[in-house]
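Down below is the structure, laid out as structure tokens.
The values are calculated or read from the model by the stated rules, or taken from the named source; none is laboratory data. Since the structure is predicted, the reported quantities are computational estimates derived from the model, not experimental observations. For neighbour counting, all protein chains shown are included, and Cβ atoms are generated from backbone atoms with ideal geometry for every residue, glycine included.
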Amino acid sequence: MGIPSDEVVQIRHADVAGEPTVVTVSCPDKTGLGCDLCRVVLLFGLNIVKGDMSTDGKWCYIVLWVVPRRGRPMAWHLLKNRLSELCPVTAPFCFDTAYLAAACLQDDVVPRVFLLKLYCYDRMGLLHDTCRKGLIWTFFLGILCFTDVTRVLCELELTIRRVKVSTTPDGSVLDLFFITDVRELLHTKSRREEAYDKLESVLGDSLTSCKIDPASDDMCSCLQPSASLTPAVMEQMFSTDVIEEQASGARCNGSTISVTMDNSLSSVHTLIQIQCGDHKGLLYDIMRTLKDCNIQISYGRFYARQNGSCEVDLFVVQSDGKKILDQQKQRALCSLLRMELYRPLRVAWVNRGPDTELLVANPVEVSGKGRPLVFYDITLALKNLHKRIFLAEIGRHVVEDREWEVYRVHFGEEHELSSSLRRQIVDGVTNMLMGWD
């Protein structure tokens, strides 16, 4: 399939401004590599407009045509490093089973959890801007809108796992963020000082103290997934029957969602054909669904048209290397793909005692990774809508053997939100998450 090279990732910029940048990956193959690569591309704020991938089960060759989203500066060298880190270590002419099995175990290392203690004074836009350099939560009393904290953490490549927030009568805020580091360097003094400097440069006089320490085992216990969602929330956001019925024949971004399978065009592969409307992270949503179902892609082609429609052709096999011949499995996989394309994230208003809150549910891969930048998009959408957040929480919940990251946003009892305003908030957050803004 390919010749091993010291440079497994190559990035070639277009000669004409506005044309896509071409990202090429050539490396030993492993199950779910396409999903992992697409997740990093999404994390860096890039849209995939075209893609080709092929593998012989030992070596893979992937080409992605990408364009940056509006207003997002691009660190191409950093993207190249992150993509290279995902690729199995190149071992020329050593394609034995033991080597490939060892390569696939690279992602099984559990990231170390740290506790970020952030003490500051509230101001408008605080949380969103900090999360853009990683991921984070805070409390709103007075005029806090989550902007600054979100932006900083995203740029620092720090990922929020959970947050605890509290306030004092003088209007100051103490936030406890359970975070992991994409670079796995947060245990070093230089990496922590980098985080301190970035937070201080953005928060300025609002920041009174900041400290990062390793989280204890007792602290990490609160990160375990729970099943504490109410029956009403389960029915509204996770009812498979309801969502499947909505997805059947649904239109997404102006295009009908169609997922079909064909076993007649190849003697060894099943062809999955997808036609749908484009959205942010579309290829990632397809790849993570197939990865979680142990479906391996031998060859794939993706193309997004300028009118917002997309076409995807995937030649796949099961984990045993055989075609998908069981009709029940075919129907189940087609149905799952339709649902994931129709509602990759769930956004809704739900009751919480006498109050209502905005909930956003983000599916977690079997590997334990959640979709990136969800909290950043939520806070940016609310900032654009000039909505002030009183309380926000993040947690992981298990629904029918599937894990979800659930984001709760509460706007305070003093906010009387009409049905039309709630609809506006849901639409604004959904459009930002799906890239329809």
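Couple of notes before you dig in:
- Of residues in the stretch 349-369 being in a strand (DSSP E or B) and modelled with pLDDT under 85, the one nearest to the chain's Cα centre (by Cα): VAL350
- Given (1) modelled with pLDDT of 90 or more; (2) within 22 Å of the chain's Cα centre (by Cα); (3) not in a helix (DSSP H, G or I), index of the condition TYR61 fails: (2)
- Taken over the stretch 284-309, the residue count meeting the criterion of being farther than 23 Å from SER367 by Cα and either touching a helix residue (DSSP H, G or I) at 6+ places or on another chain (Cβ under 8 Å) or assigned to a loop (DSSP other than H, G, I, E, B) (or both) is 6.
- Any hit, the stretch 288-298, residues being surrounded by 15 or more Cβ atoms within 10 Å (Cβ to Cβ), within 22 Å of THR256 (Cβ to Cβ) and either within 21 Å of the chain's Cα centre (by Cα) or free of Cβ contacts under 8 Å to residues at least 60 places away in the same chain (or both): yes
- Qualifying residue in the stretch 64-73 (condition: among the basic types (Lys, Arg) and more than 18 Å from the chain's Cα centre (by Cα)): yes
- Total residues in the stretch 261-275, condition loosely packed, with under 12 Cβ neighbours inside 10 Å and touching a residue at least 12 places away in the same chain (Cβ under 8 Å): 1
- When the stretch 42-58 is filtered for residues that are under 19 Å from the mean Cα position of the chain (by Cα) and over 22 Å from GLY18 (Cα atoms), nothing remains.
- Matching helices (runs of 4 or more DSSP H) fully within the stretch 176-283 where at least 2 residues are at pLDDT 90 or above: 189-203
- Test: residue in the stretch 319-331 that is surrounded by 14 or more Cβ atoms within 10 Å (Cβ to Cβ), over 19 Å from MET53 (Cα atoms) and modelled with pLDDT under 95: no
- Note on the stretch 15-41: residues that are within 21 Å of the chain's Cα centre (by Cα) and either surrounded by fewer than 22 Cβ atoms within 10 Å (Cβ to Cβ) or within 30 Å of ASP320 (Cβ to Cβ) (or both) amount to 13.
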